[in-house]
Amino acid sequence: MLHYIIIFIAAVFVNNIVLAQFLGICPFLGVSKKIDTALGMSAAVAFVMVLATICTYLLQKFVLDPFGLGFLQTLSFILVIAALVQMVEIVLKKVSPALYSALGIFLPLITTNCTILGVAILVIQKDFTLLESVVYALSTAVGFGLALVLFAGIREQLQFSKLPKAMEGTPIALITAGILAMAFMGFTGIV
């Protein structure tokens, strides 16, 4: 049990996928203007990340490794992720049209979101079991969501701040992201 708690803490805080490993910067900067959109994107990424990790893990262990097709890992993982994102898009369109329209172009971008592919490859490189892979994927999704929502909250507050004209928009967002990344560096050494 302690092993899974360590995986969780490391993935959420110490090795945060966005703030420490710099994967998923595009949605981090693009969807983080409103907390509602950030929460929706976090939920969609979490769902796809866990499903993609399970599917790609099984594909790796039962197809690619036994048949010596490891060189097809990246290509096959991308195809699996693309199919899962299409499925999530269809479900969201039927279940929650408001969330579907709020995410707009960012939902199809989950297909090319490097956090999903990164986690799928990392669990294979770390030689995790299926349960460890699911815990890692869920923890990484929580870390991604935490970073996204924190950043969105800060950006919403920055709208009410008086900033120099040259600092408005992207410059202050990048500076804020850097400061947030440095804050998360404070967790280094916990596990």
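The criterion of at least 1 residues that are open to solvent by less than 50 Å² (accessible area, probe 1.4 Å) and modelled with pLDDT of 95 or more is met, among helices (runs of 4 or more DSSP H) falling completely within the stretch 43-121, by 73-95.
For the stretch 150-166, residues that are buried (at least 18 other Cβ atoms within 10 Å of the Cβ) and out of contact with any Phe, Trp or Tyr (no Cβ under 7 Å at 6 or more places or on another chain) total 3. In the condition set (1) open to solvent by 30 Å² or more (accessible area, probe 1.4 Å); (2) in contact (Cβ under 8 Å) with a residue 24 or more places away in the chain; (3) more than 19 Å from F144 (Cα to Cα), K33 is compliant with all but (3).
Within the stretch 11-39, the residues that satisfy the criterion of being small (G, A, S), part of a helix (DSSP H, G or I) and modelled with pLDDT under 95 are G30, A38.
The values are calculated or read from the model by the stated rules, or taken from the named source; none is laboratory data. Remember, it's a predicted structure, so these values are computed and weren't measured experimentally. All Cβ positions, glycine included, derive from the backbone under ideal geometry; neighbour counts span all protein chains shown. Protein only, heavy atoms only, side chains kept; ligands, DNA and RNA dropped before computing areas. Shrake-Rupley method; radii C 1.70, N 1.55, O 1.52, S 1.80 Å.
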